[in-house]
Each structure stands twice: as structure tokens, then as C-alpha cells.
């Protein structure tokens, strides 16, 4: 059994992966538009801003990477 810190990290990772998979599935099935997925990511960024802790700053970096990656504006 992982210690509390490892369990917290694992829980955050699992939750993030679920959200990414859900957004990708909704996009693939045309349930939501790319703009809506980007809006969801932006709301997550806004909820962390301004980042006060190292973990929050790292989370913002991950979200920014997602916005530039799979969820970037496509032509």
C-alpha cells in the first residue's frame, strides 16, 4: 500500500487521465466542439490561478501543455 503522498499523486494522476480520456471521447463523438474542450481546460487553469504552491505551478504547466497539444486549435 502506498504512503499518503504516493497515494495522493496516484489519485491525481488517475483523475487526470480519466478527464483526458473523457474529453477526447466527447470530441471524437462530436458531442462537444474543440472550443468547448479548450474552455473546460481554461476553467481548470483559472481555478488554479494564481498558483501559490509548487504543485499548483506544475499543474498549470500540464494544463498549458494540453492546450498546446491534443486540444490545440486545429485548422
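Any read-out appearing in this document is the output of simple, stated calculations on the displayed coordinates, not a laboratory observation. Just so it is clear, the model here is predicted, and its values are computed rather than measured. Glycine also receives a Cβ, built like all others from the backbone with ideal geometry; neighbour counts cover every protein chain displayed.
Are any residues in the range 1-13 in a helix (DSSP H, G or I) and surrounded by fewer than 10 Cβ atoms within 10 Å (Cβ to Cβ), and if so, which ones?
4, 5
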| All positions within the range 28-41 that are without any contact (Cβ under 8 Å) to a residue 40 or more places away in the chain, surrounded by 11 or more Cβ atoms within 10 Å (Cβ to Cβ) and not in a loop (DSSP other than H, G, I, E, B) | 36, 37, 38, 39, 40, 41
| query | Residue check: is residue 44 in a loop (DSSP other than H, G, I, E, B), closer than 19 Å to residue 65 by Cα and out of contact with any strand residue (DSSP E or B) (no Cβ under 6 Å at 6 or more places or on another chain)? | reply | no
| remark: All conditions in (1) part of a loop (DSSP other than H, G, I, E, B); (2) surrounded by 11 or more Cβ atoms within 10 Å (Cβ to Cβ) are true of residue 25 except (1)
| query | Taking interchain pairs and intrachain pairs at least six residues apart, which have beta carbon atoms under 7 angstrom, with the first residue in the range 43-65 and free of Cβ contacts under 8 Å to residues at least 24 places away in the same chain and the second in a loop (DSSP other than H, G, I, E, B) and surrounded by 11 or more Cβ atoms within 10 Å (Cβ to Cβ)? | reply | 57/51; 60/51
